[in-house]
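Take a look at the structure below.
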Amino acid sequence: MFRILLVLAVLAIGYDAVVHQGVYTRNLWTNLVSFTNSAAEGAKQLVQNAREENRTQNN
């Protein structure tokens, strides 16, 4: 099953590269990177807030 999905992904990316010059693949990659970046920044902010809250409770 995984191999079939992998082959379909390769075909779709190849089609995009040939027909659309990779526009859809670049847009998808850019969106994925920005989503990952925003998720990482949110996690960092959450940890920082938890640490600050912990400090105020201990003092």
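The values are calculated or read from the model by the stated rules, or taken from the named source; none is laboratory data. All of these numbers come straight from a predicted model, not from anything done at the bench. Counting neighbours? That spans all protein chains shown, and the Cβs are built from the backbone with ideal geometry, glycine included.
Details
- Index of the failed condition, THR25 passing every other in (1) surrounded by 10 or more Cβ atoms within 10 Å (Cβ to Cβ); (2) in a helix (DSSP H, G or I); (3) without any contact (Cβ under 8 Å) to a residue 12 or more places away in the chain: (3)
- Test: residue in region 7-19 that is outside any helix (DSSP H, G or I), modelled with pLDDT under 95 and of a type outside the set (Gly, Ala, Ser): no
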